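What follows is one structure encoded as structure tokens, with my remarks underneath.
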Amino acid sequence: MSQRHVVQVFEQYQKARMQFVQTVADLANRPQNIELLQNAGKTADICFLYSLLARVSVYVCVQRFYKKAAAFVLRAVAKHSPELSQAVVACRGVDALVLCLEEFDPGVKEAAAWALGNIARHNAALSQSVVDAGAVPLLVLSLLEPEMALKRIAASTLSDISKHTPELAQTVVDTGAIAHLAQMILSPDTKLKRQVFAALTQISKHSVSLAEMVIEAEIFPAAMSCLRDPDEYVKKNVVTLMREVVKHTPELAQVIVNCGGLEAVIDYLGNCHGNVRLPGIMMLGYVAAHSESLAMAVIVSKGVPQLALCLSEESEDHIKAATVWSVGQIGHHTPEHAKAVTTANLLPKILELYMNASSSEDLQTKSKKALKSVLQKCTYLPSLEPLLYEAPSNILKHVVCQFSKVLPHDSKARRLFVTSGGLKKVQEIEAEPGSPLQEYINAINGCFPEEIVRYYSPGYSEALLERLDDYQPA
């Protein structure tokens with residue numbers, strides 16, 4: 001047998017192995033094939049898959065020629081479920097993938113980083129397995145590589161690791177990831193910016209200290225310019241980052257406000273529709289929730305009319321619920337804040353959502369809470385009067401309560417209350433004797449002469465007619 005023939009046999013073997021890896025990768029990329037792979041070899045459990053992954057992991061570690069394709073197999077399997085990702089961990093696939101991050105070939109690094117991200121994204125335990133294997137420092141180093149695709153995947157995987165717990169996010173921060181991510185926020189590459197802002201968001205969301213570290217990296221106000229990016233997901237991720245920062249403390253919220261964050265987000269809300277609006281809507285609510293002054297900053301920036309527009313334009317209940325919640329955070333502080341909400345004609349809209357049987361339970365709950373919190377501060381009676389005719393009893397009592405507080409001290413309001421029909425409507429309300437609602441009605445009636453109250457009471461005209469029947473002229 002010639003030497004050429006012997007070499008040919010080994011070449012065929014190597015090609016067959018390569019074809020095996022690539023074929024498995026292609027099969028594993030489709031969810032419907034996973035069960036078939038598990039059952040291959042006439043076994044009904046996952047043993048075959050463990051065996052298969054173990055072989056692939058060896059290819060990752062040993063056969064340089066196969067590393068990229070083998071990493072693709074692990075990535076394709078891991079993405080489907082936590083159980084399959086755990087199979088990759090059990091066959092030491094994570095250790096093999098981390099070794100690939102040390103390779104010179106950027107394609108191998110990219111494939112390995114992608115596979116590690118697919119493992120880490122499922123839960124904290126799997127993320128911890130990736131961390132324990134030493135992946136994080138190598139992923140951070142990958143951010144410094146010139147290849148754009150590798151930068152994107154490294155940032156994405158760091159995001160997947162950070163999202164689960166404060167401890168995992170702190171591990172990422174401790175390797176210096178924030179500084180490297182911060183340097184890329186103005187990258188000309190759209191996909192990279194998406195991943196960078198997503199990673200910063202996942203770090204910021206966990207705690208005050210982590211959010212402060214992102215702020216200290218001077219992400220803002222530079223990131224504001226990305227709200228003019230043509231890519232809607234870059235803009236959404238920037239606003240989501242702002243939301244996660246401002247929610248923690250008044251001081252962090254003030255930093256974003258001082259950078260022009262409110263105006264930028266309100267402008268953003270005016271130029272988008274649908275789910276991408278959600279983080280901006282919530283960002284305004286988080287800012288307003290902290291203090292009277294921050295809520296007033298939202299009002300001065302014309303945030304209330306923009307939220308009213310969102311409420312009328314959006315059809316999804318979860319977006320409406322977030323909008324109603326933000327409105328409540330703005331209006332619950334003082335009568336001045338409540339007036340800003342009521343003069344935007346938001347209370348009738350929120351009441352309608354609350355009373356609509358087709359509204360989700362969450363939307364109804366948030367609508368009720370917002371109505372109650374704003375009404376308890378509202379002293380601008382012209383905005384409250386329409387609710388006398390529409391509100392159910394559990395909301396009506398808060399409306400009537402506000403009239404009972406304001407009318408005793410405002411003669412012009414009392415006169416207007418009579419001429420507008422408000423007093424007549426109050427007399428028509430059926431309240432249980434001794435209930436808070438009846439007490440509020442009694443307090444309102446006490447603001448007017450008895451004959452006026454009688455005049456507007458139900459049945460008074462019939463009583464007058466009866467007297468007319470009995471009246472005998474002199």
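Brief remarks follow.
- Averaging Cα coordinates gives a centre for the stretch 348-409 and one for the stretch 202-264; these two points are 34 Å apart.
- For the stretch 395-408, backbone phi angles converted through the Karplus equation (6.51, -1.76, 1.60; θ = phi - 60°) give residue-by-residue couplings of 9, 4, 4, 6, 5, 4, 4, 5, 4, 5, 7, 8, 4, x Hz, Gly and Pro being listed as x.
- A 1.4 Å probe run over the protein chains yields, for the stretch 350-396, 50 Å² of accessible area per residue, whole-number rounding.
- Whole-Hz couplings from phi, Karplus 6.51/-1.76/1.60, listed for the stretch 447-452; x for Gly and Pro: 8, 10, x, 4, 5, 6
- What the Cβ-Cβ distance of Thr343 and Glu218 gives, at R0 = 41 Å and to the nearest 0.05, is a FRET efficiency of 0.60.
- Each Lys or Arg adds one and each Asp or Glu subtracts one; over the other residues with Cβ under 13 Å from the Cβ of Ala120, this totals +2.
- Mean-position separation - Cα centroids, the stretch 169-188 and the stretch 71-150, in angstrom: 18 Å
- Heavy atoms of the protein chains alone define the surface here; on that basis the stretch 150-270 has 37 Å² accessible area per residue at 1.4 Å probe size.
- Accessible-area order (highest first, 1.4 angstrom probe) of the listed residues Tyr268, Tyr354, Tyr455: Tyr455, Tyr354, Tyr268
- Cα-Cα over 30 Å, subset of Lys377/Lys424; Lys151/Lys302; Lys302/Lys368: Lys151/Lys302
- Its relative contact order, with pairs defined as Cα atoms under 8 Å and 6+ residues apart, puts the stretch 113-218 at 26 percent.
- 3J(HN,Hα) couplings calculated from phi for the stretch 94-100 with the Karplus curve 6.51 cos²θ - 1.76 cosθ + 1.60 (θ = phi - 60°) are, in sequence order, 5, 4, 5, 5, 5, 4, 5 Hz; Gly and Pro show x.
- Compared with the direct C-alpha span, the chain from Asn271 to Asp362 gains 30.1 nm at full extension, assuming 0.36 nm per residue.
The values are calculated or read from the model by the stated rules, or taken from the named source; none is laboratory data. What you see is a predicted model; the values in this text were computed from it and never measured. When we count neighbours, we look across all protein chains shown, and the Cβ atoms used for this are built from the backbone with ideal geometry, even at glycine. Ligands, DNA and RNA are stripped out before the accessible areas are found, and what is left, the full protein with its side chains, is counted by its heavy atoms. Shrake-Rupley method; radii C 1.70, N 1.55, O 1.52, S 1.80 Å.
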